[in-house]
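Here the structure comes first, spelled out in structure tokens, and everything after it is commentary.
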Amino acid sequence: MIVVVTGMVGLDKKCYLEEVCRRAGQNGKEVLLCSVGDMMYAEAPDIPAGKILDIPLKRLHSLRRSIFKDIIAKAREAPNLIVNTHATFRWRHGLFPAVDFDQMRELDADMYVCLIDGVTTMHQRLLEHLAVEHTLKDLIVWREEEIIGTEMLCKGIDETMPFYCLARGIEENTTETFYRLAFERQIKKAYLSFPMTAVADVEAILAEIQHFRAEMKQQFVCFDPADLEEAYLPLKAERAKQVGQNTIEVRVGGRQIRLNVDEVRQIERDINSQIYARDFLLIDQADMIVSFIPAMPDGRAAISSGVERELQHAHEAAKEVYVIWTAQRHPSVFVTQTANTVFRSVGEALAFFAGRCGPTCDSAPL
């Protein structure tokens with residue numbers, strides 16, 4: 001198994017992928033991790049740390065090709081290989097590719113994964129560790145460029161090759177998801193759908209959603225939109241602006257950081273458009289969608305327009321569609337007619353999935 005992993009600056013991919021390799025080792029799988037950046041610095045010790053993108057492009061390309069030649073040789077011997085690289089770079093030279101198609105064809109990877117993370121988390125990492133000059137707008141643009149660059153690279157090599165976009169995660173990272181995605185490929189992949197903004201202040205419902213997310217992740221490889229939550233940022237910035245505040249505080253990695261209100265408001269359209277496109281991308285790369293519709297304190301179903309749109313998109317994409325509906329009032333025909341099955345509780349859904357095909361759920365769709 002050869003997996004190419006891309007992701008923009010500020011992700012700390014190496015640490016994340018080392019944890020993936022550790023998990024693989026615990027499961028009896030030997031995985032060699034090749035981090036292109038580290039290998040390039042080792043090959044050229046005269047280049048100071050953090051300065052490799054400042055060298056002339058001709059030397060940078062030559063150095064990169066030399067490293068990939070070594071990686072290709074290692075791939076012939078390693079039982080499993082993860083290549084930690086970038087798809088694109090945006091630096092003083094402008095935007096340019098970080099790989100070469102001829103070498104990627106020779107590598108012949110089995111899977112491409114683009115890791116992503118939230119702008120606030122990446123912003124904090126860059127401030128603390130890399131000191132790369134940037135704005136929030138830069139980060140959200142770089143992230144989108146890396147996703148589309150990786151997908152184009154993957155499909156340019158082989159249209160049938162799997163490509164996945166995976167968030168690192170907010171409360172807990174997604175290394176277990178990555179491991180199962182790469183090395184337990186018989187497990188079905190599910191997109192988790194549930195209301196977010198509408199129930200943000202209802203603690204009881206948030207606890208139900210957390211329970212749902214945890215249980216589904218025991219059953220499937222899950223693509224979870226809550227692993228990258230940014231929709232709250234523009235709303236928080238707008239409220240701060242209305243009371244004359246120039247900054248907002250957000251919690252990142254267990255600590256509070258300050259963000260400029262105007263800078264956050266500048267990326268509102270980008271955040272909204274990326275959420276729209278990314279959630280559909282996550283549905284498309286899954287086998288199924290499992291949607292949890294909790295009941296509000298007044299008994300109404302907490303179904304949002306976003307959840308309804310996700311269900312419709314999954315249905316039209318010929319995905320398996322499952323809905324967990326806990327409200328007393330029956331769901332509308334627009335839910336029942338797009339769903340394979342509607343459950344009344346998380347427990348009922350779990351019993352169905354376990355009875356239908358066990359933990360790997362690898363039988364044919366209903």
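Every number here is computed from the coordinates shown, using simple stated rules; none is lab data. Quantities reported herein were computed from a predicted structural model and do not represent experimental measurements. Backbone-built Cβ (ideal geometry, glycine too); neighbour counts: all protein chains shown.
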Inset, instruction - Estimate the FRET efficiency between Thr247 and Leu206 by the formula 1/(1 + (r/R0)^6), using the beta-carbon distance for r and 22 Å for R0, to the nearest 0.05. - result: 0.25
Legend entry - Inter-label distance, nm, simple model (7 Å from Cα along the C-beta direction), Glu268/Ala44: 4.3 nm
Legend entry - Modelled FRET efficiency - R0 22 Å, Ser66 with Leu95, Cβ distances, 0.05 increments: 0.45
Legend entry - the range 159-212: equivalent-ellipsoid semi-axes (sqrt of 5 x gyration tensor eigenvalues, Cα, Å): 28, 12, 11
Legend entry - 20 Å Cα-Cα reach of Lys241 towards lysines, excluding residues that sit fewer than 8 places from it in its own chain: Lys137
Inset, instruction - Run down the lysines and flag those whose C-alpha is under 30 Å from the C-alpha of Lys69, throwing out any fewer than 8 positions away in its chain. - result: Lys13, Lys14, Lys29, Lys51, Lys58, Lys155
Legend entry - Estimated FRET transfer efficiency (Arg76, Asp102; beta-carbon r; R0 22 Å; 0.05): 0.85
Inset, instruction - Compute the length gained on full extension between Ala318 and Met1: take 0.36 nm times their separation in residues and subtract their Cα-Cα distance, giving the result in nm to one decimal. - result: 111.3 nm
Inset, instruction - Classify the range 1-185 as rounded, prolate or oblate from the Cα gyration tensor: take a ≥ b ≥ c as the square roots of its eigenvalues, call it rounded if a/c is under 1.5, otherwise prolate when a/b beats b/c and oblate if not. - result: rounded
Legend entry - Residue (of Phe68, His313, Thr338) at the positive-pole extreme of the chain, dipole from beta-carbon charges: Phe68
Inset, instruction - At a Cα cut-off below 18 Å, give the lysines reachable from Lys189, other chains included and same-chain residues fewer than 8 away excluded. - result: Lys217, Lys319
Inset, instruction - Pull up all non-local amide H partners of Cys114: gap of 5 or more, or a different chain, and H-to-H distance under 5 Å with H placed in the peptide plane. - result: Thr6, Tyr164, Cys165, Leu166
Inset, instruction - Would you kindly calculate the mean projected area, averaged across all directions, of the convex hull enclosing the Cα atoms of the chain, in square nanometres? - result: 19.6 nm²
